[in-house]
Every structure is written in structure tokens, then in C-alpha cells.
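Asker: Starting off with a structure, shown below.
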Amino acid sequence: EFTQATTLALFDYLRKSKSRGFVLSLSGGADSSCCAIIVTEMIRRASTQLGWGRFSELLNINVKSEKEAIQLLLTCAYQGTRNSSAKTFEAAKTLAESVGASFHHWQVDEEVDSYTSKIERVLNRPLNWDKDDIALQNIQARSRSPIIWMLANIKQAILLTTSNRSEGGVGYTTMDGDTSGSLAPIAGVDKPFIIQWLKWAEKNLGY
């Protein structure tokens, strides 16, 4: 039911907004992975039910295969910092390639350093992880937002928000970080459900 509801909603939103696809900041974690799979499944289900002709007509594009459609409609980007692990990069890259999405990656250390140095000058002291842990963590997440928004704007695409109900409910989230976007497909479901659904999707949908 979750799969049916979210894929239909994404397709309808894409069609009605006349957007050119979806952009996703793919971290290698469960939440963004769930969003990537939902978009891919949206394309599979819509094209199967409508046929490629009607599918293309409704979205004002010209595609004739699942591979073409996913490449065009789903753009993923891994935005690393010096604190990111090789494991999360490989997870993001492997997932994007396995579904056939467009995949990009870059570092945001320069942006993080720029914001940090400005505040250090204002406070007249260096920031450190002992005193300023939350702020230093949050600026890494927030530094990713403007550039992924820019990519979405240029592509005339919808930026997907990856925050879920569990994290939003307890405040384990970064305003203007993982809350950044114009559509939030998993905002109404909790983290345990997302983990359960990903396992179900792997077994039942073949991802």
C-alpha cells in the first residue's frame, strides 16, 4: 500500500507541476535510498500501466525504455566532506548505478570551511568539536542544501526531502539540511518502517 500510494503521488505531482524529474541528495543511508527506490518504482509502474507513449505524453518527455526514463527523471548526488566514509559513498554510488539514475558526487568542505571561518572571526575564537559539536555537524548538512537546490533549479526538477517521521518527531534532523526540498515522500513514515520496507523491496521488487 505504501508503494502504491507514494509512487502514484510522485507521478501525479510530477505531471501536475510540469517538472522535469526529481533530484535527490543520496547519502548512502536508508532514507535517501528509500526515496531513490520509490522514484524508480514510480517509473516502472507508471510505464507498465500507461505504456511509453502515454507516459511520455503526460510528462512531456520522449522516452521509450525504463533505462532512458530513469536516467532522465532521477538525478542523484553524493555530497561528501572530509568526515564522510568511503562506505557511504560506495553505498550511494552502487544504489544509483543499480537503478540506472544519473549520479554525481562532489565535496562540500570548501563551503563548510567558509562558513566556519566567518563565524570564528565573529566570535574571535576557533570552533572545536568539544564546544561546538551540534553547530559543526549541522553546518555540514546545511552546506549541502544550496548546491543541490541549484542543480534541481537548473534541471527544473523537484528536490526530494529525505527526512522521516521518527527523526522529525524527536528533533534528530537538520533544518535546511535533510528537511530541505519541495516534496517529502517519507515524512509520514517512521524509520523502522523504512528499514522494513527496504528489505521488502529487495525481496519482492528485485532491488
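Asker: Going by the alpha-carbon gyration tensor, a ≥ b ≥ c the square roots of its eigenvalues, is the range 120-207 rounded (a/c under 1.5) or, if a/c is not under 1.5, prolate (a/b greater than b/c) versus oblate?
Answerer: It comes out oblate by the Cα gyration axes.
Asker: Right, another one. Tell me the accessible surface of Trp200 in square angstrom (1.4 angstrom probe, heavy atoms of protein chains only), to the nearest ten.
Answerer: In the full protein context, Trp200 sits at about 100 Å².
Asker: Which percent of the accessible area of the chain is formed by carbon and sulfur heavy atoms (probe 1.4 angstrom)?
Answerer: Solvent-exposed carbon and sulfur of the chain make up 53 percent of the total.
Asker: At 7 Å along Cα-to-Cβ for each site, give me the label-to-label distance between Ala135 and Ile119 in nm.
Answerer: Result for the modelled spin labels: 0.5 nm.
Asker: Given a cut-off of under 8 Å on Cα pairs at least six residues apart, what relative contact order in percent is computed for the chain?
Answerer: Reported relative contact order: 24 percent.
Asker: Heads up, I need the accessible area for Lys93: 1.4 angstrom probe, whole protein in place, Å², nearest 10.
Answerer: 60 Å²
Asker: Could you pull out every one of the lysines with an alpha carbon less than 22 Å from that of Lys67, ignoring same-chain neighbours closer than 8 positions?
Answerer: Within the straight-line cut-off, Lys67 pairs with Lys18, Lys93, Lys155, Lys203.
Asker: Something else: Quick one, could you list the DSSP H helices from the chain stretching 27 Å or more along their long axis (Cα atoms) with average Kyte-Doolittle hydropathy of -0.5 or above?
Answerer: Result, helices passing both filters: 30-59, 133-154.
The values are calculated or read from the model by the stated rules, or taken from the named source; none is laboratory data. The structure presented is a predicted model; accordingly, all values stated were derived computationally and were not measured. Reconstructed Cβ throughout: ideal geometry from the backbone, glycine too, with neighbour counts over all protein chains shown. Each accessible area value is taken on the protein alone, full model and side chains, heavy atoms only, with ligands, DNA and RNA left out. Shrake-Rupley method; radii C 1.70, N 1.55, O 1.52, S 1.80 Å.
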